[in-house]
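What follows draws every value from the coordinates through simple rules; no lab data is involved. Just so we're clear, the structure is a prediction, and the values are computed from it rather than from any experiment. Cβ coordinates were reconstructed from backbone atoms using ideal geometry, including for glycine residues, and neighbour counts include every protein chain displayed.
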Amino acid sequence: MGCHFPVSGASNVHPSRLKDIHGNYQPSTIPSKGVNSMQTSEDPIGCSGFSRRTFFRYAAGASAVASMPILTEAHLALAQRPHFNDPNIGIHIDANENPMGPCDAARQAMIDIVPRGGRYLMDMEEDLTNTFAKIEGLDPESVAAYAGSSEPLHYTVLTFTDKSKPLVVADPGYEAPMWAAKIAGAEVLKVPLSDPKGEASHNIKAMLAASSNPGVIYICNPNNPTGTCTSRTDIEYAVANAPKDTMLLIDEAYIHLCDAPRSLDFVKDGKNVIVLRTFSKLYGMAGVRMGFAVGRPDLLKKISVHGGFNALPITALAAAKTSLLQADLVTARKKIIGDTRAQTLAWLKSEGYAATPSESNCFMVDVRRPGKEVQAALASKEMFVGRIWPAWPNSLRITVGTPDEMMTFRKSFTEVMNSSTAGLTPAPLSRRLAEHPFTHLS
């Protein structure tokens, strides 16, 4: 459901026209062994929707860091969509979006602030970070607001990795930090998830052993794309045993959807940890853009040299603060998404398909044949599912949609899996989108 906000003057949009969609969200297993360096064919460039030539055109020259666009889940999802689809056509469970969108109170807050859009209203950013800091018991100086969490993710990797200090990531894992490491000239070391046919969590000890001098160890908890959680004990071990100058980047984009202990206390204790938070997932603000980097003030100052200088949109600031103040929002949405995820996972199990034990709004399902074939076959039915990771080529990432969307997914999935998909491949992006993907968000 789309929302249109007036550009100026009093709003003529009544809140009753902006109702939530009551929807829900949801795992697979192809193991790989050992630590994989990004000096192989399994790199983000090979998974993207644009050419290696285009990538290095962006990366070339002394101003590469400044000029390279920041990749987000939207870009990565778009890069593997069969074609640039109208989001109003078909069912899109491919980009880990929340179909409920912003809550009613956040929508109204955006409408109310629009008449003041001619002002920067810089105090709103400080008000938001102070509100979050108070809720979480943090020093406000340890919180920096950004337009989503993708910017501080990239800035952290650019700051703390280089040719002598690699990036260590889980595999399969979220690809965005790998792109930043490429720009920094850093090697990327991929460590297979532990127990891929079971809990599929980060193999922390192997990640620590991957390099004697890692610049950044990236932990996405819950993990994207598997939706699985890494235990607090393992994360504590990482904090305690990482080399002195290594930065632990803990991405908690999906943390509100699970019961795993949070990691903000490491920041309170002054550890070499930066925690990322976003409003894109549970809060349904992926298109509105708001997030936080949480870390010691000296660390936040270091990453800030790469960007974050611009004023933030006042609509996003208003919606984010209002969302934080909704007492029951996290609990209610976590249940909606969790119930739909559980129902979908149970159905897949009953049909004989293995899926990762997700606690998030996405999971991976093993389709027991090339995932790209199934992706293409589903797209022909206007059912758009997530991308494929090279480490698990027979698995698809599925985002948990509304209950109705997931029922339609069952029907389409059954039809596709009962038919031959041999030789099917997703249609390529148009040349324009392949060459310039960054302005086209999914």
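Dipole size in debye (nearest 20) for the range 285-343 around its Cα centre, Lys and Arg Cβ +1, Asp and Glu Cβ -1?
Numbers: 9 positive and 3 negative charges, 23 e Å.
My answer is approximately 120 debye.
Using Cβ contacts closer than 10 Å as the measure, can you line up Asp171, Asp251, Asp127, Asp328 from fewest to most?
Values: Asp171 21, Asp251 27, Asp127 14, Asp328 7.
Ranked by crowding around the Cβ, least crowded first: Asp328, Asp127, Asp171, Asp251.
Expected output is a single nm value to one decimal: the length gained when fully extending between Asn213 and Asp104, i.e. 0.36 nm times separation in residues minus the C-alpha distance. What is it?
Numbers: separation 109, 0.36 × 109 = 39.24 nm, distance 4.73 nm.
Here the segment from Asn213 to Asp104 would lengthen by 34.5 nm.
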- line: The alpha-carbon center of the range 144-179 and that of the range 399-429 are separated, in whole Å, by 32 Å
message: At 7 Å along Cα-to-Cβ for each site, give me the label-to-label distance between Lys381 and Asp112 in nm.
response: 4.5 nm
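Could you compute the FRET efficiency for Arg368 and Ser419, with r as their C-beta to C-beta distance and R0 at 22 Å, rounded to 0.05?
Numbers: r = 14 Å, r/R0 = 0.63.
Calculated value: 0.95.
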query: Per-residue HN-Hα couplings for the range 386-394, Karplus 6.51 cos²θ - 1.76 cosθ + 1.60 at θ = phi - 60°, whole Hz, x for Gly and Pro?
result: x, 7, 10, 9, x, 5, 10, x, 9
task: Work out how much length Asn88 to Glu351 would gain on full extension: take 0.36 nm times their residue separation and subtract the Cα-Cα distance, in nm to one decimal.
output: 91.7 nm
query: Can you give the % of DSSP beta bridges in the range 247-392 that are antiparallel, to the nearest 5?
result: 60 percent
message: Along its three principal axes, how long is the range 103-324 when you only count alpha carbons? Whole Å, largest extent first please.
response: 54, 36, 30
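Order the peptides 195-203, 414-422, 153-161, 210-218 from the highest to the lowest mean number of other Cβ atoms within 10 Å of their residues.
Working: 195-203: 19.7, 414-422: 13.2, 153-161: 26.0, 210-218: 21.7.
Ranking the peptides 195-203, 414-422, 153-161, 210-218 by packing returns 153-161, 210-218, 195-203, 414-422.
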task: Could you tell me which of the pairs Lys205/Lys281; Lys281/Lys301; Lys163/Lys302 are separated by over 23 angstrom between their Cα atoms in the structure shown?
output: Lys205/Lys281; Lys281/Lys301
- request: Determine, for Tyr146, Tyr174, the number of other Cβ atoms within 10 Å of each Cβ, and report the residues in order from fewest to most.
  value: Tyr174, Tyr146
